[in-house]
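Undergrad: Have a look at this one before I ask anything.
The values are calculated or read from the model by the stated rules, or taken from the named source; none is laboratory data. It should be emphasised that the depicted structure is a prediction, and the values quoted were computed from it without experimental measurement. Counting neighbours? That spans all protein chains shown, and the Cβs are built from the backbone with ideal geometry, glycine included.
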Amino acid sequence: MICDLLNIRNTELLNSLCGIRDVLDDICTKYAFVVLGKLEHQFTPQGCSLVYLLSESHISIHTFPEKSYIAMDIYTCREYPDNLLYSEIYQHLVNVFQSNADSPIIIDRGVHSSVLALGERTESFVEGCIHNPETAAIEPNATVNSKVNQMMWREMCIQDVPSVCSIAMDIWSGYGETPEIYENKFLVSPRGCYVYVVNDVIKGYVISHPWNIRSPPPLNTPLSEVDVNCWFIHDIVVLPECRGRGVGDEIIQRILADNPIVSLVACDNDLLREGRDKSPSGSLENMSISMESDALHKSSIQYRHQSIRPDIKTKDFWVRYGFEVAEALDCDYGIYMIRNRGGAIINNSQSL
């Protein structure tokens, strides 16, 4: 259960470490939670945090006296019919802290998890309660939908490969790489592969892996052993219905933060169609970037080897992240680009 207590009138208890400890102890005793350990801290000039480690999981509470606000989580592996226990605990907290009554958020964690609010409220209001308690306090009774979409990037697993390939084939009009190639890249670098899911349905993905900065990997070919000195973004796709929310930016920033030197090939579907006959195999496979802006899919690109129009929008997209056009030993399917954060020194000290 995730809950926000707003407009608290029992301000003395709000800033009392001992008083809040008593409240949590009462809850653990009444509902037979087994406490394994406690961690607490009183902040100066005000506010406190307490975390109870339970055999069932944990309880955490954080108080903000200056905002008359408390954020609290109770996570337990027990199952409760209709979540009535959580409703009881929440009502007890409302009474003790003399706060506005609202609806806590219940997260049914696990493989088929869902997020529910006890009561009726919109997705936007639930998000507002979590991220902006002051705004949520203004409208405590909004409104009508109890289902909240679960949207997040998570680590890819091997079972995701068929879905990822299906998305790639659809976005890139039949020029996606084979499932075996995606599986190979995942097995080589699982920590560089993520999927974006909405209610357990994959709506986007990123494939990235360690590589050598001299040139990008060849298309539709298993990764070979190389001297590693950079991180290569192989492919990023976010489906149209999820664009415009900063979804792609979130995962890009994560990759860039973790890797000082990053390379990629910037191209789009029009480039693939124009250049496919240049591939030795007779069809140019996808090793490209499909990002947030619909304009990337509408741009007209006439690509010829070593001759790039200056208005290619995909390239401009990556320039905003600090990438620069670079020469490569062999790159005939797009614009090779490198981001070298802070002029990091490139060496060949590690093998893939």
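Undergrad: Which pairs have Cβ atoms under 7 Å, sit 6 or more apart or on different chains, and link a residue in segment 190-217 that is under 15 Å from Tyr336 (Cβ atoms) and touching a residue at least 12 places away in the same chain (Cβ under 8 Å) to one that is acidic (Asp, Glu) and assigned to a strand (DSSP E or B)?
TA: Asn212/Asp227
Undergrad: Could you identify the single residue in Arg214, Arg245 that is part of a loop (DSSP other than H, G, I, E, B), within 25 Å of Met152 (Cα to Cα) and either assigned by TED's automatic domain parsing to the domain that holds Phe323 or among the small types (Gly, Ala, Ser) (or both)?
TA: Being part of a loop (DSSP other than H, G, I, E, B), within 25 Å of Met152 (Cα to Cα) and either assigned by TED's automatic domain parsing to the domain that holds Phe323 or among the small types (Gly, Ala, Ser) (or both) holds for just one of Arg214, Arg245, which is Arg245.
Undergrad: A further question on this structure: Sort through Ile61, Ile70, Ile27 and tell me the only one that's in a helix (DSSP H, G or I) and either within 18 Å of Met1 (Cβ to Cβ) or modelled with pLDDT of 95 or more (or both).
TA: Ile27 is the lone residue from the list that is in a helix (DSSP H, G or I) and either within 18 Å of Met1 (Cβ to Cβ) or modelled with pLDDT of 95 or more (or both).
Undergrad: Determine, yes or no, whether Leu256 is buried (at least 21 other Cβ atoms within 10 Å of the Cβ) and either modelled with pLDDT under 50 or in contact with a strand residue (DSSP E or B) (Cβ under 7 Å, 6 or more places away or on another chain) (or both). Even if it seems obvious, please write down each step before you answer.
TA: Details: buried (at least 21 other Cβ atoms within 10 Å of the Cβ): no; either modelled with pLDDT under 50 or in contact with a strand residue (DSSP E or B) (Cβ under 7 Å, 6 or more places away or on another chain) (or both): yes.
Judged against the criteria, Leu256 is not a match.
Undergrad: Could you grab me the full set of residues in segment 42-57 that are of a type outside the set (A, V, I, L, M) and under 21 Å from Gln91 (Cβ atoms)?
TA: Tyr52, Glu56, listed by residue number.
Undergrad: Since Asp270 meets every condition but one in (1) farther than 21 Å from Glu324 by Cα; (2) in a helix (DSSP H, G or I); (3) modelled with pLDDT of 50 or more, which condition does it not meet?
TA: The single condition Asp270 does not satisfy is (3).
Undergrad: Which numbered condition in (1) closer than 22 Å to Trp318 by Cβ; (2) surrounded by 20 or more Cβ atoms within 10 Å (Cβ to Cβ); (3) not acidic (Asp, Glu) is the only one that Pro240 fails?
TA: All conditions pass for Pro240, except number (2).
Undergrad: Within segment 217-235, work out how many residues are assigned to a strand (DSSP E or B), at pLDDT 90 or above and either closer than 21 Å to Met156 by Cα or not acidic (Asp, Glu) (or both).
TA: Count: 6.
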